[in-house]
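Here is the structure we will look at, set down as structure tokens.
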Amino acid sequence: MKLTHILASAAMALGLATAAVAQDKTKVGFIYVGPVGDGGWTYEHDQARKAVVEHFGDKVETVYQESVPEGADAERAISQMALQGADLIFTTSFGFMDATVDVAKKFPDVKFEHATGYKTAENLSVYSARFYEGRAIQGHIAGKMTESNTVGYIASFPIPEVIRGINSAFIHARKANPDVEFKIIWAYTWFDPAKEADAAKVLIEQGADVILQHTDSTAPLAAAEKAGNVIGFGQASDMAEYKPSPRVSSIIDDWAPYYIDRVQAVMDGTWETKDTWDGIGPGMVGIGEITDAVPEDVKEEALAMKEAIASGEYHPFTGPLNKQDGTPWLAEGEVADDETLLGMDFYVEGLSSEIPD
Amino acid sequence: MDMDSITPALLLASLMVAATPILLAGIGELVVERAGVLNLGVEGMMITGAIFGFAVTIESGSPMLGFAAAAAGGAGLALLFAALTQLALANQVASGLALTLFGLGLSSLLGQDYVGLKPVQPPAFKIPLLSDIPFIGRVFFSHDLMVYFGLGLVAAVWFMLKYTRAGLILRAVGENHHAAHALGYKVVRIRILAILFGGACAGLGGAYISLIRVPQWTEGMTSGAGWIALALVVFASWKPGRVLLGAWLFGGVTVLQLNLQAAGLAIPVEYLSMSPYLITILVLVIMSADKSRAPASLGRIFHASG
């Protein structure tokens, strides 16, 4: 009797407390794949989280967990956050996809947002940025600036997003310089500075004088700087500390407007499942300052391409384009549809290596 | 695929660099284990060394001071382990694991202000004349000082363990601490010194990653190198020469597999990625088919009472 009484009142007190908190504040959770200090991908997501705090002030409470491994452990981390009373949870890596879907099923009242994935549900939205638009500009600069005609590419995992980036960069590098070749190393990690540095060194030793990276740390830029006469690009974040060279430009992810928008929607009760895929035009993908290490004419061409992409006048995947095995993909003037791009699992013609399974 | 793009001299030269962090940490842990102590905190001490070395290099502008601070930082963390296991007689496995977790947390706390900064680079130390020899000069004689330091340390530890009285005493403590105690050797004191040495070496190994190999500070940047060093000691049957061999193998295959990938070799990347672990373990296991075994008192707690 006594025990049940205590339990009941405890439960009530707890209920009241959470209710009170829920009324006051919207709790927003973030699951990060790397540390917030990675200087790249996760850093930008955390900047956007800070922007949410700045924008909403006392009306919002944010929690985050960093360096969450992709896989089974992610599900535990996301569930934990939902149990803590988060109203909206952003899971910010492709590898969290299935975990997010599972947790979303278990917590129908919590809203979920998964970055770079493609599985949606009643309470699960997906959002991503058209990084390949930025890759096109990088490819152009790389093709123009390489003297050895060898461009090194540090790839992370063989998923559509990464393959899209390689294709986009390659197409535009070849357009700028028909002799250019890509050497690709799959690091199988988003974040491992020592491994990224090793990969960059190997690419440089094998003759690459431009390094493109789809991993999150600044280690490849450090390796490029050490080697001298090698250029690279900021990935996900501006990586401005390596200006003006080796970092000659960058792709910057700007998640803040989207995050603020979605938090507002939860507050207003207007949140709906959405599939967002924005590029340079709406500002989700930013192109960092092109430094003076790039010749003036190349810089102008790159900026012109940026304008054309932003206005929708030019699509980086415009035919004629063939697949790697020579089969036609896009006819003259034809533009790739989003579905093919989202599931991209093939290289375009001219790339010499194979995509790992 | 074009194999021509792989330059053997450069490949071997980067092997030496890639092997140095685990070599330093491994040789330190070897001394600790030969003294009969199992310290699983190598990863924690490495990353602590990495941030201490990085921070001091940034503040002072001197990589030498940075490395000294890294050794001190690693040894400082090791001192904590020594106090727990040698004085408070805590379980070594649990304390070591705790040390790793603590080191990772401490380093990311200390490192918050150092993200994105660039340390001063120590000059490559080209040994005069020798470095001009074609091929060999590039492979062996044009590295930074720490590479030579690591090799020297392995030689010194090997000599110390095999030929000196100090080495004999250390091994005695590791094999049978009661007998060593009965002979009048200060078991606890000797073990604490060994633990401190191991910590300093791990710290240097960590700083080599943050100051030379990468070079920058990012959280969790040692990413498992400490565990590899630990495994290396076991698979090397607690012999310094084999630690060196194992480190070179591991570093070598790591660099080689990246080279093969970049050259477009048609082997699935997954196999290439696991090859460093597989080949290193395989070779060392085959080598350890002789009668070598672990120090008899490894991991056991010593108390003078009995």
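Arrange A:Tyr43, B:Tyr277 by Cβ neighbour counts within 10 Å, fewest through most, would you?
Details: A:Tyr43 25, B:Tyr277 14.
So the residues, fewest neighbours to most, are B:Tyr277, A:Tyr43.
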Using alpha-carbon positions, the gyration tensor of the protein assembly as shown gives root eigenvalues a ≥ b ≥ c; with a/c under 1.5 called rounded, otherwise prolate if a/b exceeds b/c, else oblate, the class is oblate
Quick one: which residues, 5+ away or cross-chain, put their amide H under 5 Å from the amide H of A:Glu181? H built at 1.01 Å from N.
A:Thr150, A:Val151
Picking from A:Tyr242, A:Tyr188, A:Tyr132, which is most flexible by a Gaussian network model of chain A using Cα springs under 10 Å?
A:Tyr188
Taking Cα atoms, how many degrees apart are the long axis of helix A:41-56 and the longest axis of chain A, rounded to 10 and kept between 0 and 90?
50 degrees
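Once the convex hull of the alpha carbons of segment B:61-154 is built, what does its volume come to per residue, in cubic angstrom?
Numbers: hull volume 14.0 nm³, N = 94.
Convex hull of Cα atoms, per residue: 149 Å³.
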Roughly speaking, what is the centre-to-centre gap between segment A:134-165 and segment B:234-254 when only Cα atoms are used, to the nearest Å?
36 Å
Mind running the shape call on segment B:86-133? Use the C-alpha gyration tensor, a ≥ b ≥ c as the square roots of the eigenvalues: rounded below 1.5 for a/c, prolate if a/b tops b/c, oblate otherwise.
oblate
The helix A:72-83 Cα axis meets the longest alpha-carbon principal axis of chain A at an angle in degrees, between 0 and 90 and rounded to 10, of 40 degrees
If you scale each eigenvalue of the Cα gyration tensor by 5 and take the root, what three semi-axes come out for segment A:161-285, rounded to whole angstrom and sorted largest first?
32, 17, 14
In order through segment B:104-109: 3J(HN,Hα) via Karplus (6.51 cos²θ - 1.76 cosθ + 1.60), integer Hz, x for Gly, Pro
5, x, 4, 5, 6, 5
Expected vector for segment B:156-173, Karplus 3J(HN,Hα) from phi with 6.51, -1.76, 1.60 and θ = phi - 60°, integer Hz, x for Gly and Pro, equals 5, 5, 4, 5, 4, 5, 8, 10, 10, 5, 4, x, 4, 5, 4, 5, 4, 4
For a distance above 18 Å, tell me the whole-number percent of Cα pairs in segment A:32-147 that qualify.
57 percent
Here the gain from full extension of A:Asn229 to A:Ala293, 0.36 nm per residue of separation minus their alpha-carbon distance, amounts to 22.0 nm
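When the gyration tensor of chain A is built from Cα positions, what are the square roots of 5 times its three eigenvalues, in whole Å, from largest to smallest?
Numbers: eigenvalues 336, 84, 70 Å².
Calculated on Cα positions only, the semi-axes equal 41, 21, 19 Å.
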Rounded to whole Å, give me the distance from the Cα center of segment A:175-237 to that of segment B:88-146.
22 Å
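Taking each residue in B:219-225, count the Cβ atoms of any other chain within 10 Å of its Cβ, then average. What number comes out?
6
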Please check: in the Gaussian network model of chain A (C-alpha springs, under 10 Å), which one of A:Thr291, A:Thr92, A:Thr42 has the largest mean-square fluctuation.
A:Thr291
5 angstrom amide H check on A:Tyr64, placed H, neighbours 5+ away:
A:Phe30
Taking a 25 Å limit on the Cα-Cα distance, which of the listed pairs A:Lys195/B:Lys162; A:Lys59/A:Lys105; A:Lys50/A:Lys274; A:Lys201/B:Lys118; A:Lys175/A:Lys274; A:Lys226/B:Lys126 fall beyond it?
A:Lys195/B:Lys162; A:Lys59/A:Lys105; A:Lys175/A:Lys274
So what is the 222 nm mean residue ellipticity for the protein assembly as shown from helices alone, if each DSSP H run of at least 4 adds -39500 (n - 2.57) and you divide by all residues, rounding to the nearest 500 deg cm²/dmol?
-17500 deg cm²/dmol
Name the residue farthest towards the positive end of the dipole of chain B from the options B:Ala25, B:Phe54, B:Gly252, assuming +1 on Cβ of Lys and Arg, -1 on Cβ of Asp and Glu, about the Cα centre.
B:Ala25
Please list 3J(HN,Hα) in residue order for segment A:259-276, calculated via the Karplus relation 6.51 cos²θ - 1.76 cosθ + 1.60 where θ = phi - 60°; whole Hz, with x for glycine and proline.
4, 4, 4, 6, 5, 4, 4, 5, 4, 7, x, 9, 5, 9, 5, 9, 10, 9
Based on Cβ point charges of +1 for Lys and Arg and -1 for Asp and Glu, what charge dipole magnitude is obtained for chain A about its Cα centre, in debye rounded to the nearest 20?
940 debye
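So for A:Tyr347, B:Tyr185, B:Tyr208, fewest C-beta neighbours within 10 Å to most, what's the order?
Details: A:Tyr347 20, B:Tyr185 16, B:Tyr208 31.
Taking fewest neighbouring Cβ atoms as first place, the list is B:Tyr185, A:Tyr347, B:Tyr208.
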In the protein assembly as shown, what % of DSSP beta bridges are antiparallel (nearest 5)?
25 percent
Determine the shape class of segment A:256-357: with a ≥ b ≥ c the square roots of the Cα gyration tensor eigenvalues, call it rounded for a/c under 1.5, and otherwise prolate if a/b is greater than b/c, oblate otherwise.
oblate
Please identify, among B:Gly152, B:Gly264, B:Gly28, the residue showing maximal mean-square fluctuation in a Gaussian network model of chain B using a 10 angstrom Cα cutoff.
B:Gly264
Any idea what log10 I(q)/I(0) is at q = 0.11 Å⁻¹ for chain B, Debye with uniform C-alpha scatterers and no solvent?
-0.67
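Coordinate-derived values only; no laboratory data. All figures in this text were calculated on a predicted structure; none of them were measured in a lab. Quick reminder, even Gly has a Cβ in these numbers, built from the backbone with ideal geometry, and neighbours come from all protein chains shown.
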